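For reference, the structure discussed in these notes is given below.
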Amino acid sequence: MRKFIARASATALFIAFASVTALFTVFTSAAPLAPLAAENANTIVMKNFDFAPMTLTVKAGTTVTWKNTDGEPHTVTSDTGLFRSGGLDQDDKFSFKFDKPGTYKYVCSIHPKMTGTVIVQ
Ligand SMILES: [Cu+2]
């Protein structure tokens, strides 16, 4: 009898847990996430002394935005001089519109090991 009760309460616990999980999934997968993803699609984040993603592929005419999340200043400096952000402090942003197809390499001029590439199709 005790064994049965233990099993029954384990089952009840599992069902309760599953219901909560299902509800949580329903609420967290609601529509508001979609616009956020679209907004971030052409954003490159500077984090832990890296550009993320290191390579971003976009269509011609796209404006790419960089955002520095580090406590250290970074820059977005094109290898060819096409664009140059100047120093970006934490939470600062820089945007550039890529009109022509090509491969655009850039670095952080303060930390030259930080490199990134934008591929415009
Ligand atoms: Cu840097």
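Each value in this text was obtained by applying a stated rule to the coordinates, not by laboratory testing. Nothing here was measured: the structure is a model prediction, and the numbers come from that model. Reconstructed Cβ throughout: ideal geometry from the backbone, glycine too, with neighbour counts over all protein chains shown.
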| task | Please list, in chain and number order, the residues 5+ apart from Thr62 or on another chain whose amide H is under 5 Å from its amide H, with Hs placed from the backbone. | result | Phe98
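Taking every eigenvalue of the Cα gyration tensor of segment 39-120, multiplying by 5 and rooting it, what semi-axes result, largest first, whole Å?
Numbers: eigenvalues 71, 35, 23 Å².
Working from the Cα gyration tensor, I get semi-axes of 19, 13, 11 Å.
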| R0 of 41 Å, Cβ-Cβ distance Asp91-Gln121: FRET efficiency to nearest 0.05 | 0.85
